[in-house]
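Each value in this text was obtained by applying a stated rule to the coordinates, not by laboratory testing. Computed from a prediction, not measured in an experiment: that's the story for all the values here. Neighbour counts run over all protein chains shown; Cβ positions are idealised from the backbone, glycine included.
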Amino acid sequence: MRKKIVVGNWKMNKTISEAVELSSAIIDQLGEVSASCEVGIAPAFPALSGVHGVISGTGIHLAAQNCHYEDDGAFTGEVSVRMLDEAGCSYVIVGHSERRQYFGDTNPVVNLKVKKALSAGLNVILCVGETLDEREKGITTEVVTCQVKEGLEGVADIGDIVIAYEPVWAIGTGKTASSLQAQEVHASIRATVAGLYNEPAAAGVRIQYGGSVKPSNAEELFAMPDIDGGLIGGASLNAEDFVAIVKAAEKS
Ligand code: 13P
């Protein structure tokens, strides 16, 4: 039985004080972290340390939204995996579609970041997902399979990786993939992992769904056999909604 995982990706929202306030509200409303669902939050870089101070000891994971693939050096504006580790992160999101779309994160770059993050002992949330154009052309499986294969190139052990399927057309649009549409892609990702690794690895890897997850649709999505939780954008900026989504995952 795979343990569910729900992570809030706050994107470029919340100042340090706002992030501290939101994480405190999440703790208040969530109570104990349940054994049936891992919970994480991914504030912007400046708020990582402050949020870490608030959530440390609660069992909620701190996640970063991105990292660089070099150890250190002259890379103005970038953040290394050691910096994230020291800030208290246990997860880093890699290959989010917004990084792919606006900041040139190609599959080979994503792969370098995945490997660097793992080398620092961080868990990785590897994001994949097709655009609307790709879905309409009927090449969703091809695109996602390629993102998974190239993202995991040279990664010997998938144990510290969570895959997040986030159809680009469903992110921030209010349009959610139907639970069946999402399930179909999740099953194909799991089959890809079986081919790259083996059946036990595929059975164990957690695959989150992301894209307009809300309290009203979370339960149905999380009830699908290959959907192991969610990567939540907009709804994670509201403590009540985020906690309701975590509760839906705990129940499923
Ligand atoms: P929304 O939940 O706002 O659609 O964002 C999803 C996402 O991109 C999470 O990483």
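Brief remarks follow.
- Failed condition for residue 76, given (1) without any contact (Cβ under 8 Å) to a residue 24 or more places away in the chain; (2) surrounded by 16 or more Cβ atoms within 10 Å (Cβ to Cβ); (3) among the polar types (S, T, N, Q): (2)
- Total residues in segment 190-213, condition within 16 Å of the ligand (Cβ to nearest atom) and either within 24 Å of residue 150 (Cβ to Cβ) or surrounded by fewer than 18 Cβ atoms within 10 Å (Cβ to Cβ) (or both): 6
- The residue pairs whose first member lies in segment 215-237 and is in contact (Cβ under 8 Å) with a residue 12 or more places away in the chain and under 9 Å from residue 6 (Cβ atoms), whose second member is of a type in the set (Ser, Thr, Tyr) and within 14 Å of the ligand (Cβ to nearest atom), and whose beta carbons are closer than 6 Å, counting only pairs six or more residues apart or on different chains, are 230/209.
- Output for segment 95-118, where each listed residue is out of contact with any Gly (no Cβ under 9 Å at 6 or more places or on another chain), more than 16 Å from the ligand (Cβ to nearest atom) and either basic (Lys, Arg) or closer than 20 Å to residue 210 by Cα (or both): 106, 116
- Verdict on residue 159 being on the phi < 0 side of the Ramachandran plot, away from the ligand (no atom under 16 Å from the Cβ) and among the small types (Gly, Ala, Ser): yes
- Residues of segment 228-245 that turn out to be closer than 13 Å to residue 37 by Cβ and away from the ligand (no atom under 14 Å from the Cβ), as a count: 2
- Beta carbons closer than 6 Å, at least 6 apart along the sequence or on distinct chains, pair a first residue in segment 9-25 that is within 18 Å of residue 245 (Cα to Cα) with a second that is of a type outside the set (D, E, K, R) and away from the ligand (no atom under 16 Å from the Cβ) for 23/51; 23/54; 23/55; 24/54.
- When residues of segment 137-156 are limited to those that are in a helix (DSSP H, G or I) and loosely packed, with under 15 Cβ neighbours inside 10 Å, the one farthest from the ligand (Cβ to nearest atom): 142
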